[in-house]
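Take a look at the structure set out below.
The values are calculated or read from the model by the stated rules, or taken from the named source; none is laboratory data. Because the structure is a prediction, the values reported are computed rather than measured. Cβ: placed from backbone, ideal geometry, glycine included. Neighbour counts: every protein chain shown.
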């Protein structure tokens, strides 16, 4: 004999469930604006300003002094889109092969596992919008250095404690290649 299924009278169904679904998402809408912080960036260095993020994407602006750069690295769980907002940025791949010099409103898409680095090449401070997408619910955005850092870690503004912990974890080897971090190709 089939058991009778009791319905929870408070459980939403149909249109009410759909409306609750949308209202929950819409309650998380946030406004943001980029304002350059009044902070001195050390010579040949950079600063990151987080704008917004969810559990599957993040947007930030990297501010680079002339010559500010990073090291050759890749992200095994993150697709990236970069757009220059001010100044000029040159992107490079392995072997310092230039991927191009990008000016205002020009950019580059980097699929996960693409090795790259970049530097500011113009005479003015550069502002570089970074849009990162990663698997929903990822606990960490992974950054695997391929070469040692050229300079310091840069300044990071607007990070949560969890994001700061992840950033520190990604740099625990001083931006040198992390032992055992390279995928095995057999």
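Residues of the range 130-163 being under 14 Å from the mean Cα position of the chain (by Cα), in a strand (DSSP E or B) and either at pLDDT 65 or above or over 13 Å from residue 58 (Cβ atoms) (or both), which ones?
Those that are under 14 Å from the mean Cα position of the chain (by Cα), in a strand (DSSP E or B) and either at pLDDT 65 or above or over 13 Å from residue 58 (Cβ atoms) (or both): 130, 131, 132, 133, 144, 157.
Determine which single condition residue 120 fails, assuming it passes every other condition in (1) touching a strand residue (DSSP E or B) at 6+ places or on another chain (Cβ under 6 Å); (2) closer than 16 Å to residue 75 by Cβ; (3) touching a residue at least 40 places away in the same chain (Cβ under 8 Å).
Every listed condition holds for residue 120 apart from (2).
With (1) closer than 30 Å to residue 137 by Cβ; (2) under 21 Å from the mean Cα position of the chain (by Cα); (3) without any contact (Cβ under 8 Å) to a residue 40 or more places away in the chain; (4) in a loop (DSSP other than H, G, I, E, B) as the list, and residue 35 as the residue in question, which single condition is left unmet?
Failing condition for residue 35: (1).
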